[in-house]
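Enquirer: Before anything else, here's the structure in question.
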Amino acid sequence: MGGGGKKEVGGQRFIPAKLLRGVLFPSTVKPVRTECQTAKQLTINAITEPFPTQKAALEFFQALKDKREIGTPLVDTDAVYVNAVYEQYCSVTNWPIPDEIVAFSVDNKAEEISPGEFRTQKCFWYRLRDGTKLDFSIIKAIQKNSRARTP
C-alpha cells in the first residue's frame, strides 16, 4: 500500500473500507434535487398561477390572514381564494361542502392548551346562512390539497 493507507488498483487509488468508518457511502447519501426533480407545485382551482411549493402557498395565505383585522370579512379575490382552498380541501377529503356558506372572515380562536390555560390565534372562519360560524385550518387544507395533487 502506498500513500497513507490508499490502495492502487488498475491505476486508480482506493481507500480501504476500514479507513472509511463513519463516512457515508454513495448508496446511503440522499440524492440532490436536479432541475427535473423540482418541488411539487400546488394548484388551487380559482388561482390562475400554481404556487411553486406548498410552503409558498402557506406563506401567501398567512400573509392574507395577517393583513386582516380581527372580525373582518374577506372580500373580492381574498374571499374567492380562501373559498377555493376550502372547497378543494372538502373535495379531496370527501367532506360535504356546505351549500349555505355566505362569508369567510378572519377572527380569533381560543383553544385550551392545558386545563384552564388558553391561547388565542388568528384563523379563517366561514359563516353559514343561519349565522353559524365555523373555523377551519388553512394549513391543514393546503397540506391535504398538496398531497392529493399529482406533480
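What follows draws every value from the coordinates through simple rules; no lab data is involved. Quantities reported herein were computed from a predicted structural model and do not represent experimental measurements. All Cβ positions, glycine included, derive from the backbone under ideal geometry; neighbour counts span all protein chains shown.
Enquirer: Filter the GluC sites (Glu not before Pro) in the stretch 60-151 down to the DSSP loop ones having no more than 12 other Cβ atoms within 10 Å, then list what survives.
Expert: Those satisfying the criteria are Glu69, Glu100.
Enquirer: Also: If you find the alpha carbon centre of the stretch 44-75 and of the stretch 108-151, how far apart are they in angstrom?
Expert: Each part reduced to its Cα centre gives a spacing of 14 Å.
Enquirer: To continue, here is another question. So, how do all the Cα-to-Cα distances of the stretch 62-111 break down into 10 Å bins, in percent, from 0 on up?
Expert: 22, 49, 28, 0
Enquirer: Tell me the trypsin sites (Lys or Arg not before Pro) within the stretch 84-141 that lie in a loop according to DSSP and have at most 14 other beta-carbon atoms within 10 Å.
Expert: The qualifying sites are Arg129.
Enquirer: Still on this structure, please answer the following. Give me the net charge of Ile70's neighbourhood, meaning all other residues with Cβ under 14 Å from the Cβ of Ile70; Lys, Arg count +1, Asp, Glu -1.
Expert: +2
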